[in-house]
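Peer 1: Quick one: structure below, then a few questions.
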Amino acid sequence: MSVLVYTENWDGKFKKLSFELVSYAKAIADQLNTEAVAVSIGNVEEDELKKLGNYGAKKIFNVQDEKLKNLANQPYAKIIAQVAEKEDANVLVFANNFTGKAVAPRVSVKLKAGLAGGVIELPSSLDPFMVKRKVFTNKAFANIKIKSEKKVLTLFQNSFEIKETENAASIENFTPEFSDADFRTEVKEVNKVTGKILLTDAEIVVSGGRGMKSPEKWEPLEELAEVLGGATACSRPVSDEGWRPHEEHVGQTGKIIAPNLYIALGISGAIQHLGGVSSSKIIVAVNTDKDAPIFEAADYGIVGDVHKILPQFIEAVKEVKAEG
Amino acid sequence: MKILVCISNVPDTTTKIKFKEDNKVFDTTGVQWIINPWDELALTRALELKEGSGGKIEKVSVALVGDKSSEPTIRKALAIGADDAFRVDTDPGDSFYVATQLKEIAKDYDIVLCGIESSDYTSSAVGGMLSEMLEWPSVSSVSRLNIEGDDVSIRREIDGGQEIVSSQMPFVGIVQKGIALEPRIPAMRGIMMARKKPLNVLEPIEAETLTEYENFEMPPPKAAVKLVDEENVKELVELLKNEAKAI
């Protein structure tokens with residue numbers, strides 16, 4: 001028996017999310033009295049792979065093949081299922097991100113394992129296997145029972161505490177069995193934004209809504225994000241208007257984020273918007289309308305005009321940062 | 001060439017979520033039902049592709065797993081422009097069960113499109129499961145889809161960027177925002193025509209569910225917002241630093 005976690009890499013590196021996943025897998029392994037095992041697909045150096053051990057992975061399966069450089073759902077699922085069978089994995093852990101959502105359901109069919117997507121806690125019971133997950137686009141939670149012998153979980157980001165442990169992991173090169181017929185999709189072109197904090201990784205997100213008035217008035221918002229070391233985001237009307245790129249849209253139909261701090265500037269807080277940001281630890285709202293629904297979701301707020309407040313906000317952050 | 005769009009019947013996105021019977025059941029009182037927003041965008045794109053294909057794409061169908069109460073949603077999909085529809089007459093159970101039902105319909109198509117998630121149970125699983133059951137390739141988080149001749153060109157969203165991916169047919173595309181600009185709104189003519197389009201009701205095939213819901217919870221109520229005067233932004237920043245420990 002084991003708990004298997006799939007640790008995706010980004011240009012050969014892991015990130016906070018990877019360590020959160022391993023910490024979560026390790027905690028489930030402890031509950032089950034067994035070990036956490038990780039599988040990595042793609043080109044990752046040994047030193048980087050070893051880092052997974054610091055969070056409790058006992059063994060790391062390293063799968064490298066030129067063909068596997070880019071995500072291909074079908075062969076990736078096949079490989080993960082092969083490792084799961086080899087290690088007799090009872091529980092499989094994935095991220096609830098683009099890759100996890102692409103691969104986990106396929107693995108679940110291969111292993112005939114029930115899937116719980118967007119889980120936010122450790123299982124509350126092992127027999128029956130019960131775990132809490134988000135439903136209704138984050139407006140509610142459900143306790144779901146997985147009845148199959150094997151279980152597939154995708155973990156909602158920033159919901160489990162990262163825990164370092166004293167542990168040395170062994171690395172094993174794994175040669176999967178696959179054929180050319182498994183590769184029926186091909187990545188032709190990759191366009192990545194570099195040098196910018198990814199919205200889904202950011203600890204702090206500064207977000208603007210229609211209350212920002214026009215796309216030319218975004219500079220102070222960007223400056224605030226910069227002094228805070230955060231990323232910028234926007235509400236749906238703003239991306240629909242083309243004021244900001246659609247990658248910045250957070251909300252029910254855009255990106256779902258869970259930063260430590262979410263600052264909503266000139267966003268009224270429609271229920272669809274809140275669905276995408278309500279998992280943030282702290283929410284700050286600035287809006288001229290004191291009855292705007294965003295204030296019901298916010299921890300801190302200022303009733304007033306964003307453009308009057310932003311320069312003071314930036315200055316105050318600079319001062320507080322300078323004080324150390 | 002034929003395209004199938006899998007749709008689900010979900011509460012309107014502004015619905016206030018409530019539960020009943022000891023929080024075991026979703027309370028549907030007063031709920032307006034709609035086509036799941038991502039599925040509606042997928043359908044819109046499928047219709048655009050068909051119209052631009054010069055007859056090469058001969059048909060766009062929709063499929064839904066659900067009881068009779070979901071028929072207005074199917075009729076809406078027909079009114080938007082789908083040529084015909086399938087409804088598997090059963091309770092949707094779980095993602096595995098739904099995918100098993102859809103597989104029987106999907107196997108006769110060249111392209112199957114599913115929304116990346118449904119706005120109710122939000123498992124993001126049916127499309128991926130269906131592709132695996134069919135043993136077809138799948139491409140997920142699709143934000144653009146073009147078909148020229150037999151070439152399929154897909155834009156896929158990844159962390160911090162996008163990829164352009166090609167796929168062989170048949171395949172399952174799991175689509176998200178961006179695939180179509182706006183969902184199509186049914187016109188009066190479409191609504192009239194929808195009544196005459198075939199809506200095939202199928203008996204479910206024998207299949208199991210691997211998961212079931214025990215009960216539901218609402219998030220704990222939030223404490224009231226702490227308001228800071230607009231003349232005193234520094235106080236807010238100090239609270240964020242010292243009290244919330246967020247900066």
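The values are calculated or read from the model by the stated rules, or taken from the named source; none is laboratory data. What you see is a predicted model, and the numbers here were worked out from it, not measured in a lab. We place every Cβ from the backbone using ideal geometry, glycine too, and count neighbours over all the protein chains shown. Side chains are part of the model used for accessible areas, which takes the heavy atoms of the whole protein and leaves out ligands, DNA and RNA. Shrake-Rupley method; radii C 1.70, N 1.55, O 1.52, S 1.80 Å.
Peer 1: Can you spot a residue in the range B:132-145 that is part of a strand (DSSP E or B), touching a residue at least 40 places away in the same chain (Cβ under 8 Å) and not aromatic (Phe, Trp, Tyr)?
Peer 2: Yes; the residues of the range B:132-145 include at least one that is part of a strand (DSSP E or B), touching a residue at least 40 places away in the same chain (Cβ under 8 Å) and not aromatic (Phe, Trp, Tyr).
Peer 1: Can you tell me which residue among A:ILE302, A:ILE263, A:ILE267, A:ILE283 is open to solvent by less than 40 Å² (accessible area, probe 1.4 Å), more than 11 Å from chain B (Cβ to nearest Cβ) and either touching a strand residue (DSSP E or B) at 6+ places or on another chain (Cβ under 6 Å) or in contact (Cβ under 8 Å) with a residue 24 or more places away in the chain (or both)?
Peer 2: Values: A:ILE302 fails: more than 11 Å from chain B (Cβ to nearest Cβ); A:ILE263 fails: more than 11 Å from chain B (Cβ to nearest Cβ); A:ILE283 fails: more than 11 Å from chain B (Cβ to nearest Cβ).
Just a single option satisfies the conditions, and that option is A:ILE267.
Peer 1: Restricting to the range A:305-324, name every residue that is open to solvent by less than 10 Å² (accessible area, probe 1.4 Å), at the interface with chain B (Cβ under 7 Å from one of its Cβ atoms) and more than 12 Å from B:LYS241 (Cα to Cα).
Peer 2: Residues satisfying the conditions are A:ILE309, A:PHE313.
Peer 1: Pick out, from the range A:23-137, the strands (runs of 3 or more DSSP E) lying fully within it that include 2 or more residues that are open to solvent by 10 Å² or more (accessible area, probe 1.4 Å), at the interface with chain B (Cβ under 9 Å from one of its Cβ atoms) and touching a strand residue (DSSP E or B) at 6+ places or on another chain (Cβ under 6 Å).
Peer 2: Working: elements: A:35-41, A:57-63, A:89-95, A:114-119, A:129-135.
Of the strands (runs of 3 or more DSSP E) lying wholly inside the range A:23-137, those with at least 2 residues that are open to solvent by 10 Å² or more (accessible area, probe 1.4 Å), at the interface with chain B (Cβ under 9 Å from one of its Cβ atoms) and touching a strand residue (DSSP E or B) at 6+ places or on another chain (Cβ under 6 Å) span A:129-135.
Peer 1: Scan the range A:178-230 for residues that are under 30 Å from A:LYS78 (Cβ atoms), within 21 Å of the chain's Cα centre (by Cα) and open to solvent by less than 60 Å² (accessible area, probe 1.4 Å) and jot them down.
Peer 2: Step one: of the range A:178-230, the residues under 30 Å from A:LYS78 (Cβ atoms) are A:178-192, A:198, A:200-201.
Pick out the ones that are also within 21 Å of the chain's Cα centre (by Cα) and you get A:190-192, A:198, A:200-201.
Of everything in the range A:178-230, those that are under 30 Å from A:LYS78 (Cβ atoms), within 21 Å of the chain's Cα centre (by Cα) and open to solvent by less than 60 Å² (accessible area, probe 1.4 Å) turn out to be A:LEU198, A:THR200.
Peer 1: Of these, B:SER140, B:SER118, B:SER124, which one is of a type in the set (Gly, Ala, Ser), within 8 Å of chain A (Cβ to nearest Cβ) and open to solvent by 10 Å² or more (accessible area, probe 1.4 Å)? Don't jump to the end; show me each part of the working.
Peer 2: Numbers: B:SER140 fails: open to solvent by 10 Å² or more (accessible area, probe 1.4 Å); B:SER118 fails: within 8 Å of chain A (Cβ to nearest Cβ).
The conditions single out B:SER124.
Peer 1: Might you let me know whether the range B:77-88 holds any residue that is open to solvent by 20 Å² or more (accessible area, probe 1.4 Å) and either farther than 25 Å from B:PRO170 by Cβ or within 14 Å of chain A (Cβ to nearest Cβ) (or both)?
Peer 2: Scanning the range B:77-88, I find no residue that is open to solvent by 20 Å² or more (accessible area, probe 1.4 Å) and either farther than 25 Å from B:PRO170 by Cβ or within 14 Å of chain A (Cβ to nearest Cβ) (or both), so the answer is no.
Peer 1: Taking only the range A:145-173 into account, find how many residues are aliphatic (A, V, I, L, M), under 30 Å from A:LYS255 (Cα atoms) and open to solvent by 50 Å² or more (accessible area, probe 1.4 Å). Let's see the steps before the verdict.
Peer 2: In the first step, residues of the range A:145-173 are kept if they are aliphatic (A, V, I, L, M); the result is A:146, A:152-153, A:155, A:162, A:168-169, A:171.
Add one more test, that the residue is under 30 Å from A:LYS255 (Cα atoms), and what stays is A:146, A:152-153, A:155, A:162.
This time we only want the ones that are open to solvent by 50 Å² or more (accessible area, probe 1.4 Å), so: A:162.
The total comes to 1.
Peer 1: Considering only residues that are buried (at least 17 other Cβ atoms within 10 Å of the Cβ) and under 21 Å from B:PRO137 (Cβ atoms), which ones fall in the range B:160-170? Steps first, answer last, please.
Peer 2: Step one: filter the range B:160-170 for residues buried (at least 17 other Cβ atoms within 10 Å of the Cβ), giving B:160, B:162-163, B:165, B:167, B:170.
Across the range B:160-170, the qualifying residues are B:GLN162, B:GLU163, B:VAL165, B:SER167, B:PRO170.
Peer 1: In addition: Suppose we filter B:PRO183, B:PRO204 for residues that are over 20 Å from A:LYS101 (Cβ atoms) and in contact with a strand residue (DSSP E or B) (Cβ under 7 Å, 6 or more places away or on another chain); which single one remains? Lay out the reasoning, then the answer.
Peer 2: Details: B:PRO183 fails: in contact with a strand residue (DSSP E or B) (Cβ under 7 Å, 6 or more places away or on another chain).
Criteria check complete, one pass: B:PRO204.
Peer 1: Next up: Being under 17 Å from A:VAL317 (Cβ atoms) and more than 16 Å from the chain's Cα centre (by Cα) is true for just one of A:ALA298, A:ALA285. Which residue is that? Before you say what the answer is, go through the steps one by one.
Peer 2: Details: A:ALA298 fails: under 17 Å from A:VAL317 (Cβ atoms).
Every option except A:ALA285 fails the conditions.
Peer 1: Applying the selection to the range B:89-115, what residues are in a loop (DSSP other than H, G, I, E, B) and either facing chain A (nearest Cβ under 7 Å) or closer than 20 Å to A:GLY114 by Cα (or both)?
Peer 2: Residues satisfying the conditions are B:THR90, B:ASP91, B:PRO92, B:GLY93, B:ASP94.
Listed here are the residues, each with its yes/no results for (1) within 22 Å of A:GLU87 (Cβ to Cβ); (2) facing chain B (nearest Cβ under 10 Å).
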position	(1), (2)
A:SER159	no, no
A:PHE174	yes, no
A:ASP182	yes, yes
A:VAL193	no, yes
A:LEU199	no, yes
A:LYS213	no, no
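Peer 1: Right, next: If I ask for residues that are among the β-branched types (Val, Ile, Thr) and either assigned by TED's automatic domain parsing to the domain that holds A:THR253 or within 17 Å of the chain's Cα centre (by Cα) (or both), which ones from the range A:132-177 would you list? Give the steps one after another, and end with the answer.
Peer 2: Filtering the range A:132-177 down to residues among the β-branched types (Val, Ile, Thr) leaves A:135, A:137, A:144, A:146, A:152, A:154, A:162, A:165, A:171, A:175.
Listed by number, the residues that qualify are A:VAL135, A:THR137, A:VAL152, A:THR154, A:ILE162.
Peer 1: Filtering the range A:236-257 down to residues that are among the small types (Gly, Ala, Ser) and open to solvent by 10 Å² or more (accessible area, probe 1.4 Å), which residue is farthest from the other protein chains (Cβ to nearest Cβ)?
Peer 2: In the first step, residues of the range A:236-257 are kept if they are among the small types (Gly, Ala, Ser); the result is A:239, A:242, A:251, A:254.
Within this subset, residues satisfying the condition of being open to solvent by 10 Å² or more (accessible area, probe 1.4 Å) are A:239, A:242, A:254.
On the way: A:SER239: 9, A:GLY242: 11, A:GLY254: 6 Å.
Only one residue tops the list, namely A:GLY242.
Peer 1: Restricting to the range B:229-247, count the residues that are of a type outside the set (D, E, K, R) and surrounded by fewer than 16 Cβ atoms within 10 Å (Cβ to Cβ).
Peer 2: Here is the first cut: in the range B:229-247, the residues of a type outside the set (D, E, K, R) are B:232-233, B:236-237, B:239-240, B:242, B:244, B:246-247.
Now narrow it down to the ones that are surrounded by fewer than 16 Cβ atoms within 10 Å (Cβ to Cβ): B:232, B:242.
Residues that pass the stated criteria total 2.
Peer 1: Right, next: How many residues, within the range A:287-299, are within 10 Å of another protein chain (Cβ to nearest Cβ) and surrounded by fewer than 19 Cβ atoms within 10 Å (Cβ to Cβ)? Reasoning before the result, please.
Peer 2: Taking the range A:287-299 and keeping what is within 10 Å of another protein chain (Cβ to nearest Cβ), we get A:288, A:290, A:294-299.
Filter once more, keeping what is surrounded by fewer than 19 Cβ atoms within 10 Å (Cβ to Cβ): A:288, A:290, A:296.
The total comes to 3.
Peer 1: How many residues does the range A:1-22 hold that are hydrophobic (A, V, I, L, M, F, W, C), part of a strand (DSSP E or B) and touching a residue at least 40 places away in the same chain (Cβ under 8 Å)? Before the answer, list the steps.
Peer 2: As a first pass, look at the range A:1-22 and keep what is hydrophobic (A, V, I, L, M, F, W, C): A:1, A:3-5, A:10, A:14, A:17, A:19, A:21-22.
Next cut, part of a strand (DSSP E or B) only: A:3-5, A:10.
Subsequent filtering for residues that are touching a residue at least 40 places away in the same chain (Cβ under 8 Å) retains A:3-5.
Residues that pass the stated criteria total 3.
One line per residue, one yes/no per condition, for (1) at pLDDT below 95; (2) out of contact with any Pro (no Cβ under 7 Å at 6 or more places or on another chain):
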site	(1), (2)
A:PHE19	no, yes
A:TYR24	no, yes
A:ALA29	no, yes
A:ASN33	no, yes
A:TYR55	no, yes
A:PHE61	no, yes
A:GLN64	no, yes
A:LYS69	yes, yes
A:GLN74	no, no
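Peer 1: Tally up the residues in the range B:148-159 that are modelled with pLDDT under 95 and open to solvent by 20 Å² or more (accessible area, probe 1.4 Å), please. Explain how you work it out, then say what you get.
Peer 2: Applying the first criterion (modelled with pLDDT under 95) to the range B:148-159 yields B:148-151, B:157-159.
Next, only the ones that are open to solvent by 20 Å² or more (accessible area, probe 1.4 Å) stay: B:148-151, B:158-159.
The total comes to 6.
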